[in-house]
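The values are calculated or read from the model by the stated rules, or taken from the named source; none is laboratory data. In this text, all values refer to a predicted model and were calculated from it rather than measured experimentally. Positions of Cβ are backbone-derived with ideal geometry, glycine not excepted, and every protein chain shown enters the neighbour counts.
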Amino acid sequence: MKYILLTLLSAVLLSISWPTYGIPFFLFFALVPLLMMEHDLTKFSKIRRKGWAVFGLSYLCFVIWNIVTTGWLYGSKNPDGTNSLMAVVFPVLVNSLLYSLVFQLYHWYKKVQGTYWGLTFLVAIWMAFEKFHMSWELTWPWLNLGNAFSDYPKLIQWYDTLGATGGSFWILLINVYMFYTLRIWEAGRKRKSLIINSSVLAIFIFVPMLISVAKYHSFDEKPIGSVNTLILQPDLDPYHEKYTKDSLTILNDLLTLAEKNSKGQIDYYIGPETSLPGFGSISETGFEQSLLLNQVKGFLSKHPKSVFATGISSHRFFRDGEMKGDAAYELSDGTFVESYNSAIQIIPDQKVEVYHKGKLVPGVEIFPYMDVLKPILGDAMLNLGGTVASLGIDKERKVFTNPFNKGKLAPIICYESIYGEFTTEYVKRGANFLAIMTNDSWWGVTQGHQQLMSYAKLRAIETRREIARSANSGISAHIDAKGDVLADTLYGDKTALFAKVNLYDGMTFYTRTGDLLSRISIFVLGFLIFYTLIKKIQNRKRKA
């Protein structure tokens, strides 16, 4: 019962720390009860299969954490309108399993090398896992620890140096040192060591926050200019209206919204993810002949020196001999086609520029490891406006340059905004402000769209770029380079938001180096494993 209570305490502390409802300061000791459970069970319990017990209890902890923080996935619906149980069951069970495996590896390593080496191993492998979880095809970095402070931008201004992954390292280090402090106290009951270790803990916790507050109030980077943006929020129901309304009606509604809210010069009209065409998609080989896109150009001709950037569903046919994309599939007539979730920039008398979303949502936009899983699962993947196949991607980031001013827009599409180092690739290519085009209406009035909106603040701090965020149903927002929300909309409103967005061209340390602490942690992890293997070989030779 003691071990179960410690496990449940960690689960509760992790759960109540998460944005946008939680208090992240609980994360500083959320893992301590779990570490105490593992240590006590391993050292003093009479349970025979201690490894299985540790795994089962840690899995219980992480399942509860995942359900509480990402249970909103249940808000997604099947094509028949019923809630999709698999939409929450699969990611919760698999993600919890992955975290439990990380903790289990710590348990095994600690048994071999002792507590202190084991704690070092835990920090290294957790950091390596978070990095891995941002890279593979089942990527789901929603619960990376550094994300938890997204609603407290004033306290994490130092993310411009080490990023949200630096935040994960910070939280892990404090948890490990707090557990170490408790173990030292239990072993010796020495007040002096308790005072020293508690002081060190206080330094670890408060010094980064104090530095951050100082950076916040001293931020004085000068913009190189500004652009007037009109952020459009059409509030198009993603399950019904989007696929039953005529495409021209959807476009006319969007342009009417833009026209009604145009006051003075608008440099950018920014629409949400896949706002066009509704049902189906637009052929990229026919962009210049597209009735929809030419209608947008007609709208722009009445608004000189304005550009229109929005999300669309697009596709491309491949002629015989053309190099096909990795996600191209064959149609019944023998031709090949590849579908995309795209962002475009439209300017009168110029070719339409297009960027294809590079980070796809597993199970919705990409069938992960199709060659292995499709024979097992068939087509039993979620279809939430995406595909049971896979979409094509751009392997490099693109930036849309405005010919009428200094604006260089980063077309970040929805899920991409969770990835810090990925977002810096836009800035390295010259982007001086970020435009997030998203449609997070699939989950309704839940924590889903609120958390995704909150994570955008992290990208603003890491890159020191202002953000114009266009969401189909909300929350659309203007976020400044310090991560503060200057203006936003209500979820479910059909509206538009004007924002005067400042342009910056400086490069933060994080933009230049990316997830540096993650790479160092991977190196340390390799060293720890290699060191242990060498030590085992040497011990066997001595015995021989």
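Segment 218-307 holds helices (runs of 4 or more DSSP H) entirely within its bounds, and those carrying 2 or more residues that are modelled with pLDDT under 95 and in contact with a Gly (Cβ under 7 Å, 6 or more places away or on another chain) map to 241-244.
For LEU232, the stated conditions do not hold, so it cannot be described as touching a residue at least 40 places away in the same chain (Cβ under 8 Å), out of contact with any strand residue (DSSP E or B) (no Cβ under 6 Å at 6 or more places or on another chain), crowded, with 20+ Cβ neighbours inside 10 Å and hydrophobic (A, V, I, L, M, F, W, C). Scanning segment 54-78 for residues that are under 13 Å from GLY444 (Cα atoms) and of a type in the set (Phe, Trp, Tyr), we see that the one that is farthest from the chain's Cα centre (by Cα) is TYR74. Among the residues of segment 403-453, just one is touching a Lys or Arg at 6+ places or on another chain (Cβ under 7 Å), over 26 Å from THR161 (Cβ atoms) and outside any strand (DSSP E or B), namely PHE404. Any residue at all in segment 374-396 that's part of a strand (DSSP E or B), within 23 Å of SER441 (Cα to Cα) and at pLDDT 85 or above? No, every residue in segment 374-396 fails to be part of a strand (DSSP E or B), within 23 Å of SER441 (Cα to Cα) and at pLDDT 85 or above. From the list GLY286, GLY271, GLY225, the lone residue that is surrounded by fewer than 19 Cβ atoms within 10 Å (Cβ to Cβ) and within 17 Å of ALA435 (Cβ to Cβ) is GLY225.
One residue alone among SER76, SER58, SER45, SER17 is small (Gly, Ala, Ser), surrounded by fewer than 17 Cβ atoms within 10 Å (Cβ to Cβ) and in the same structural domain as LEU105 (by TED's automatic domain parsing), and that residue is SER45. If I go through segment 457-481 residue by residue, how many of them are surrounded by fewer than 24 Cβ atoms within 10 Å (Cβ to Cβ) and either of a type outside the set (A, V, I, L, M, F, W, C) or outside the structural domain of THR423 (by TED's automatic domain parsing) (or both)? Residues that pass the stated criteria total 3. No other residue among ASN197, ASN175 is outside the structural domain of ALA309 (by TED's automatic domain parsing) and either part of a loop (DSSP other than H, G, I, E, B) or at pLDDT 95 or above (or both) apart from ASN175. What are the residues in segment 406-438 that are under 19 Å from ILE270 (Cα atoms), among the hydroxyl-bearing types (Ser, Thr, Tyr) and in contact (Cβ under 8 Å) with a residue 40 or more places away in the chain, if any? Across segment 406-438, the qualifying residues are TYR415, SER417, THR423, THR438. Answer with yes or no whether THR438 is over 16 Å from PRO411 (Cα atoms), in the same structural domain as ASP235 (by TED's automatic domain parsing) and of a type in the set (Ser, Thr, Tyr). Spelling it out, it is not the case that THR438 is over 16 Å from PRO411 (Cα atoms), in the same structural domain as ASP235 (by TED's automatic domain parsing) and of a type in the set (Ser, Thr, Tyr). Tell me, please, whether a residue that is assigned to a helix (DSSP H, G or I) and either of a type in the set (A, V, I, L, M, F, W, C) or within 24 Å of GLN345 (Cα to Cα) (or both) can be found in segment 310-329. No - not one qualifying residue is present in segment 310-329. For segment 1-28, which residues satisfy the criterion of being assigned to a helix (DSSP H, G or I), of a type outside the set (S, T, N, Q) and closer than 19 Å to LEU173 by Cα? ALA11, LEU13, LEU14, PRO24, PHE25, PHE26, LEU27, PHE28 - these are the residues of segment 1-28 that are assigned to a helix (DSSP H, G or I), of a type outside the set (S, T, N, Q) and closer than 19 Å to LEU173 by Cα.
Pairs are defined by a Cβ separation below 6 Å, a sequence spacing of at least 6 or placement on different chains, a first member in segment 235-261 that is in contact (Cβ under 8 Å) with a residue 60 or more places away in the chain, and a second member that is of a type in the set (D, E, K, R) and assigned to a helix (DSSP H, G or I); the pairs so defined are LEU236/LYS242. ALA487 falls short on exactly one of the conditions (1) within 30 Å of LEU122 (Cβ to Cβ); (2) surrounded by fewer than 20 Cβ atoms within 10 Å (Cβ to Cβ), and that condition is (1).
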